[in-house]
Amino acid sequence: MGCDTGLKPRKKIQSEQTENSNQQLKEEKTMSSTMVRQEMPNFTMDAYDAATGHFKTVSSDDYKGKWAVVCFYPADFTFVCPTEIAAMNAKYDEFQALNTEILAVSVDTKFSHKRFVETEPILKGLKLTMGADGNQEVSRAFGVLVEEEGVALRGRFLFNPDGVCVAQEVQADSVGRNVNEFLRQVQAWQHATKTGEVCPAGWRPGKKTLPVNTDVEKMTGRVGDYITIEEILD
């Protein structure tokens, strides 16, 4: 995991049928498999603050009232993972300008994070905080833990200041994620939240939005009167 070129299916974990497990299974069936529109799970874990070079503790409370990104990756000292971390770091100042905090997380220890940052050339100048989910509880709470391998999938979650997840992306390990697209999503979500307008496919700052907050009746069934496919793809 994290460096495989082949894609392995995840194993299904069989629940033991005990007196209480039937009720638990019923509750699980009512739960969504996505984090979207759910509140950030509560967590506390060790971390390595690459900006200061020191260890610290981070918790879900640190991100209350803020836009926040929790970004899981499979493992330190792999191949795609440092490119993703470096890409997020390269855009760090732009995320900060949007008042958005970033927490990178893997199941590695804080000591592994420190050595990883110190030895991997592409991570030179890293400013991110790296959570150490050694007991795998945080990865499990976010639904990205591959239980039989003990590592997390590439899961990236965006939370609004109310602590509610508005966007997530989860991938297997051989292909990295696009930080520019994710930055665009943060900009779009912040604009929609602030204005009450909605953002069409591919929206970027300065492009046309859809004013459902004022013209909802006129727009119903007539979106094409407000925006063209050429404007969407431009």
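Some observations on this one:
- Test result for A141, out of contact with any strand residue (DSSP E or B) (no Cβ under 7 Å at 6 or more places or on another chain), touching a residue at least 60 places away in the same chain (Cβ under 8 Å) and within 18 Å of K64 (Cβ to Cβ): yes
- Residue selected from segment 118-176 under the condition β-branched (V, I, T), open to solvent by less than 50 Å² (accessible area, probe 1.4 Å) and under 16 Å from the mean Cα position of the chain (by Cα), by the criterion farthest from N42 (Cα to Cα): V151
- Residue within segment 203-214 that is modelled with pLDDT of 95 or more, open to solvent by less than 40 Å² (accessible area, probe 1.4 Å) and under 27 Å from C71 (Cα atoms) present: yes
- Annotation: of all residues in segment 60-74 being open to solvent by 20 Å² or more (accessible area, probe 1.4 Å) and not charged (D, E, K, R), the one that is farthest from the chain's Cα centre (by Cα) is G65.
- Test for K56: is it touching a helix residue (DSSP H, G or I) at 6+ places or on another chain (Cβ under 6 Å), among the charged types (D, E, K, R) and farther than 17 Å from P41 by Cβ: no
- Filter result (in contact (Cβ under 8 Å) with a residue 12 or more places away in the chain, farther than 15 Å from L128 by Cβ and surrounded by fewer than 20 Cβ atoms within 10 Å (Cβ to Cβ)) within segment 79-110: F79, V80, L98, N99, T109
- Meets criteria (part of a loop (DSSP other than H, G, I, E, B) and not hydrophobic (A, V, I, L, M, F, W, C)) for D108: yes
- Criterion: modelled with pLDDT under 95 and in contact with a strand residue (DSSP E or B) (Cβ under 7 Å, 6 or more places away or on another chain) - qualifying residue of D108, D173: D173
- The one condition in (1) open to solvent by 30 Å² or more (accessible area, probe 1.4 Å); (2) touching a residue at least 60 places away in the same chain (Cβ under 8 Å) that F182 fails to fulfil: (1)
The values are calculated or read from the model by the stated rules, or taken from the named source; none is laboratory data. On a predicted model such as this, the values are computed, not experimentally measured, just so you know. For neighbour counting, all protein chains shown are included, and Cβ atoms are generated from backbone atoms with ideal geometry for every residue, glycine included. With ligands, DNA and RNA removed, areas are computed over all heavy atoms of the protein, side chains included. Shrake-Rupley method; radii C 1.70, N 1.55, O 1.52, S 1.80 Å.
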